Amino acid sequence: MGGAVGLKGTDGKTILNKAISLGAKPIASQRAETFLAELHPAKKSLRLIVGAGNMGENQAVKCGFTFEVKGESKNETASEDTQNIAKEMVKADVDLLVFCGGDGTTRDILKAVGMKVPVLGVPTGVKMHSAIFAVTPQAAARVAIQYLWDGLPLREAEVMDVDEQAFREGRLSAELYGYMLSPYEPHLIQGNKLESPMTESEVRNQAAIAIYIIEEMKPDLTYVIGPGTTTRTIGDLLDQKKTLLGVDLFQNKKIIASDVNEKQILEAIKGKAARIIVTPIGGQGFIFGRGNQQISAKVIRQVGLDNIAVVASKSKLDKLNSLRVDTGDSELDKDLRAHEINVVIDYKSIQKMVVE
């Protein structure tokens, strides 16, 4: 729940408390309800087993499901509770274990179940580098139904995670922790994050993109620029120290605020013209909803869909069939999917892309 407030994750109690103090709101419950609501047509044919209290039971009650409960209801839960409930579900011989969370929760599930049962992630975290997640909660429900009734192949999906402290300091240190079995449907499962190879041609391509963006910058317009090496190059060529993994605000070709959160962005652009510049996540294609939750649905609506620019090197775009969004606002996601996006891929070179 640390994404919108710019904390890049909430692993551990100390950083969780900090997120709460900054006004962060938990999103896992709402996304679990979205997932269960999509399963509603099949609920009479499901044997649903849930964690106690807010680890699944409360959401299942709201959605009108009949279910069995594992574990004890607690006001505060920890990774041990996730692991214990997952182990109980394995003992209960479930056909598919579905969890809501990010990479930290994925590691908890890995410790508990290994390769004993197929696993599917509903994306609710900040860090989602693992290949276990569906692209949205709605997609997760579709995968579950297809797997349980129609049959989908299983694959060994990578469980990845990053060092959160290094992440906050602008260093991306991803590590492979293992593999879990997961249903695979390439349009509905996100795949693991791929890093851009920093070859000489890649660096030149990023520089050409940055030069074009800089030439097109308008006076007094506020630019909300997301994380990534391509977007950081814009700052480098302006001699401005843009954060690699954060969102920064530019005006008149200078940084006016670094590593901002949702609240700071909304305050900065209130009543003003603004533009969003983002780059897709390599191998996944997400332009919103992964690693840049500070650029929230509220921010996007305030800026306007016509004021979104996407930048991507040719090598990154070659590995993507489409762009993806998961803002948490289903109506906004629908609007974005109906809106063709211009992607700057080189100097004065633009390619139109659809959003999946």
Return yes or no: is Ile234 touching a strand residue (DSSP E or B) at 6+ places or on another chain (Cβ under 9 Å), in contact (Cβ under 8 Å) with a residue 40 or more places away in the chain and not assigned by TED's automatic domain parsing to the domain that holds Glu158? yes
Name the single residue, out of those in the range 309-356 being within 21 Å of Val299 (Cα to Cα), in a strand (DSSP E or B) and of a type outside the set (A, V, I, L, M, F, W, C), that is modelled with the lowest pLDDT. Asn342
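May I ask you to verify whether Ala157 is part of a helix (DSSP H, G or I), surrounded by 16 or more Cβ atoms within 10 Å (Cβ to Cβ) and at pLDDT 90 or above? Give the derivation first.
Working: part of a helix (DSSP H, G or I): no; surrounded by 16 or more Cβ atoms within 10 Å (Cβ to Cβ): yes; at pLDDT 90 or above: yes.
Considered against the rule, which asks whether it is part of a helix (DSSP H, G or I), surrounded by 16 or more Cβ atoms within 10 Å (Cβ to Cβ) and at pLDDT 90 or above, Ala157 comes out as no.
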Out of (1) buried (at least 24 other Cβ atoms within 10 Å of the Cβ); (2) without any contact (Cβ under 8 Å) to a residue 40 or more places away in the chain; (3) within 14 Å of Ala28 (Cβ to Cβ), the odd one out for Thr82 is which? (1)
For the range 291-308, which residues satisfy the criterion of being farther than 12 Å from Thr279 by Cα and either part of a loop (DSSP other than H, G, I, E, B) or not assigned by TED's automatic domain parsing to the domain that holds Ile209 (or both)? Gln293, Gln294, Ile295, Ser296, Gly304
Among the residues of the range 220-236, are any among the polar types (S, T, N, Q) and assigned to a loop (DSSP other than H, G, I, E, B)? no
What is the number of the single condition among (1) surrounded by fewer than 20 Cβ atoms within 10 Å (Cβ to Cβ); (2) outside any helix (DSSP H, G or I) that Gly125 does not meet? (1)
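Only one of these is crowded, with 19+ Cβ neighbours inside 10 Å and either under 20 Å from Leu176 (Cβ atoms) or free of Cβ contacts under 8 Å to residues at least 12 places away in the same chain (or both): Leu36, Leu120. Name it.
Result of the check over Leu36, Leu120: Leu120.
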Could we say that Gly228 is among the small types (Gly, Ala, Ser), without any contact (Cβ under 8 Å) to a residue 40 or more places away in the chain, crowded, with 20+ Cβ neighbours inside 10 Å and under 23 Å from Ser315 (Cα atoms) here? no
Considering residues of the range 108-154 that are out of contact with any helix residue (DSSP H, G or I) (no Cβ under 7 Å at 6 or more places or on another chain) and of a type in the set (Ser, Thr, Tyr) only, the residue modelled with the highest pLDDT: Tyr147
Just the residues that are under 10 Å from the mean Cα position of the chain (by Cα) and touching a residue at least 60 places away in the same chain (Cβ under 8 Å), please, taken from the range 285-323. Phe286, Ile287, Gly289, Arg290, Gly291, Asn292, Gln293
Residues within the range 68-102 that are touching an Asp or Glu at 6+ places or on another chain (Cβ under 7 Å) and part of a strand (DSSP E or B), tallied: 2
Could you go through the range 296-312 and let me know if any residue there is surrounded by fewer than 23 Cβ atoms within 10 Å (Cβ to Cβ) and touching an Asp or Glu at 6+ places or on another chain (Cβ under 6 Å). yes
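Being in a loop (DSSP other than H, G, I, E, B) and within 22 Å of the chain's Cα centre (by Cα) is true for just one of Ala131, Ala144. Which residue is that?
Numbers: Ala144 fails: in a loop (DSSP other than H, G, I, E, B).
Within the list Ala131, Ala144, the selection yields Ala131.
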Residue, surrounded by the most Cβ atoms within 10 Å (Cβ to Cβ), within the range 231-243, restricted to residues that are in contact with a helix residue (DSSP H, G or I) (Cβ under 8 Å, 6 or more places away or on another chain) and of a type in the set (Val, Ile, Thr): Ile234
Can you confirm whether Ile255 is at pLDDT 95 or above and either buried (at least 20 other Cβ atoms within 10 Å of the Cβ) or on the phi > 0 side of the Ramachandran plot (or both)? no
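The values are calculated or read from the model by the stated rules, or taken from the named source; none is laboratory data. Worth saying up front: this structure is predicted, and the values here are computed from it rather than measured. Every residue, glycine among them, receives a Cβ derived from its backbone with ideal geometry; neighbour counts consider all protein chains shown.
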